[in-house]
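What follows is a short report on a single structure.
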Amino acid sequence: MKKLVVATLAAAMMSLGGISLAAPGNAAAESSPIAGQIMVKFRDDAAAPGVLRQYGMSQGSSIGSTGAFLIKVPAGKEAQLIAALSRNRAVEYAELDELVTATTDDTFFDRQYALQNVGQSFWNTKGDIFVPGGKPDADVDAVEAWALTRGSDTKGNRVKVAIIDSGVAFNHPDISEKVVDRINYSGKAIDVEEDYDRYGHGTHVAGIVAAKYNNNEGVAGVCPECDILDVKVLNDTGSGSSSAIAQGIDWAVDHGAKVINMSLGQRVSSRTLEAAVNNAWNQGVVLVAAAGNAGTQAQIYPGAYPNVIAVAATDNFDNKASFSSYGRWVDVAAPGVNVYSTFPYYKFALMTQYNRSLNYDMGSGTSMASPIVAAVAALVWSTGAADNQAVRWKVEHTTDSISGTGTYWTYGRVNACRAVGCTPPPS
């Protein structure tokens with residue numbers, strides 16, 4: 001399984017209290033394989049048992065709808081066995097499994113500049129981080145979009161957004177009730193509900209997408225009437241695998257997701273993961289992923305796959321965030337610096353690493369920008385869009401052309417109001 005980097009907490013963001021979910025540094029081409037397992041796809045599955053026996057291996061479990069199998073191998077022998085299998089005519093491909101890591105009247109709505117920025121400044125709840133109001137038009141005009149839709153159609157059907165991440169905390173008053181189904185592919189058995197998201201990242205991402213609106217509590221999501229499918233693939237340290245993500249994508253499609261958000265990434269491409277992405281796209285799903293926090297043009301996957309919308313991060317002045325990855329492979333941008341959202345109500349890893357607060361606080365990273373775009377895609381779905389191609393076209397072609405458009409990213413910074421067909425207020 002390839003290690004997933006949840007768009008990785010970058011040391012450069014510590015002064016901003018940031019969650020950086022994409023591999024830091026310039027080592028984007030480096031491989032970080034998971035020991036003791038590889039992914040193999042056979043040209044004919046009937047030949048698999050015999051081929052594997054030749055090399056002292058046994059049949060493994062299938063990886064979603066990709067056609068590949070997860071095979072257990074002796075640690076340290078991964079590359080050797082991949083080379084041998086790749087020479088066998090019965091094998092279509094064999095590859096490493098890489099490590100992946102994590103890239104209103106609502107009480108704190110005035111801190112959500114990404115939704116509606118009126119240029120005001122404030123201190124965070126602990127009084128130790130000052131957040132400038134910035135440029136009033138550096139938001140995505142979410143409030144204006146809500147005049148047309150908040151994520152449910154005329155029949156009251158809510159758009160389902162799958163959050164492939166570290167899980168969503170149970171019993172959080174602002175987001176837990178929005179979770180309509182969940183699955184755990186993290187490899188860690190969950191004994192008690194409080195342990196479900198011990199990392200904190202998935203809860204923060206989910207709140208950005210769909211936290212309740214106008215409930216006298218906390219924050220509001222960009223798509224406040226959307227439902228959440230909670231797909232846990234990351235463990236307590238924010239790490240997971242390519243194969244887990246591929247299975248998670250497959251599960252999300254089977255459970256009615258219209259949008260899949262992946263605020264995570266890995267440094268090298270995976271044919272198995274790309275197959276899962278393509279299968280989801282071909283079944284009508286919009287996929288969105290963080291571009292990474294390396295601050296370079298190095299590609300991060302799954303964001304760099306053609307059937308995924310790759311998202312860079314901007315700040316409250318509509319400038320590219322210093323940590324954000326960028327380049328021609330990145331599609332759009334969205335606010336990703338000091339984004340206020342939900343956190344677990346119990347102790348979690350990011351709390352101790354970055355001095356975050358219980359329940360609500362800020363996070364920075366392309367991991368925060370990606371769910372904003374995923375939520376905008378969900379808003380577009382709720383307007384009656386014909387298919388995922390139409391949704392993606394609207395998300396990308398209704399953006400605001402800010403500084404960096406055409407260089408750091410292709411289309412611009414997303415605008416929810418334009419995407420759903422309304423006229424945003426004057427700059």
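The values are calculated or read from the model by the stated rules, or taken from the named source; none is laboratory data. All values derive from a computational prediction rather than experimental measurement. Quick reminder, even Gly has a Cβ in these numbers, built from the backbone with ideal geometry, and neighbours come from all protein chains shown.
Tabulated data
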quantity	calculated
Scope the range 157-191; condition outside any loop (DSSP other than H, G, I, E, B) and among the hydroxyl-bearing types (Ser, Thr, Tyr); matching residues	Ser176
Subset of the range 369-391 [touching a Cys at 6+ places or on another chain (Cβ under 9 Å) and either surrounded by fewer than 24 Cβ atoms within 10 Å (Cβ to Cβ) or of a type in the set (S, T, N, Q) (or both)]	Ser382
Asp361 more than 15 Å from the chain's Cα centre (by Cα) and either among the aromatic types (Phe, Trp, Tyr) or over 17 Å from Thr101 (Cα atoms) (or both)	yes
Subset of the range 252-285 [under 17 Å from the mean Cα position of the chain (by Cα), assigned to a loop (DSSP other than H, G, I, E, B) and within 17 Å of Ala162 (Cβ to Cβ)]	Ala257, Lys258, Ser263, Leu264, Val285
Ile402 vs. criteria assigned to a loop (DSSP other than H, G, I, E, B), in contact with a strand residue (DSSP E or B) (Cβ under 9 Å, 6 or more places away or on another chain) and hydrophobic (A, V, I, L, M, F, W, C)	yes
Among residues of the range 299-321, those that are touching a Gly at 6+ places or on another chain (Cβ under 8 Å), part of a loop (DSSP other than H, G, I, E, B) and closer than 27 Å to Ser243 by Cβ, counted	4
Set Ala294, Ala290, Ala276, Ala280: member being closer than 19 Å to Trp381 by Cα and either touching a Gly at 6+ places or on another chain (Cβ under 6 Å) or hydrophobic (A, V, I, L, M, F, W, C) (or both)	Ala280
Checklist (1) surrounded by fewer than 24 Cβ atoms within 10 Å (Cβ to Cβ); (2) touching a His at 6+ places or on another chain (Cβ under 6 Å); (3) of a type in the set (S, T, N, Q) applied to Thr352, failing item	(2)
The one condition in (1) assigned to a loop (DSSP other than H, G, I, E, B); (2) modelled with pLDDT of 90 or more; (3) of a type outside the set (Asp, Glu) that Pro49 fails to fulfil	(1)
Options Thr366, Thr342, Thr296: the member that is over 21 Å from Gly265 (Cα atoms) and either β-branched (Val, Ile, Thr) or surrounded by 24 or more Cβ atoms within 10 Å (Cβ to Cβ) (or both)	Thr342
Sole residue being in contact with a strand residue (DSSP E or B) (Cβ under 6 Å, 6 or more places away or on another chain) and either buried (at least 21 other Cβ atoms within 10 Å of the Cβ) or at pLDDT 95 or above (or both), chosen from Ala84, Ala28, Ala23, Ala10	Ala23
Flag for Trp393 being assigned to a loop (DSSP other than H, G, I, E, B) and either modelled with pLDDT of 95 or more or β-branched (Val, Ile, Thr) (or both)	no
All positions within the range 256-306 that are among the basic types (Lys, Arg) and farther than 24 Å from Thr407 by Cβ	Lys258, Arg271
Single match in Ser58, Ser65 (criterion: part of a loop (DSSP other than H, G, I, E, B) and surrounded by 15 or more Cβ atoms within 10 Å (Cβ to Cβ))	Ser65
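Every residue, every condition in (1) polar (S, T, N, Q); (2) at pLDDT 95 or above; (3) crowded, with 24+ Cβ neighbours inside 10 Å, yes or no:
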position	(1), (2), (3)
Val209	no, yes, yes
Val219	no, no, yes
Val222	no, no, yes
Cys226	no, yes, yes
Val233	no, yes, yes
Asp236	no, no, no
Gln247	yes, yes, yes
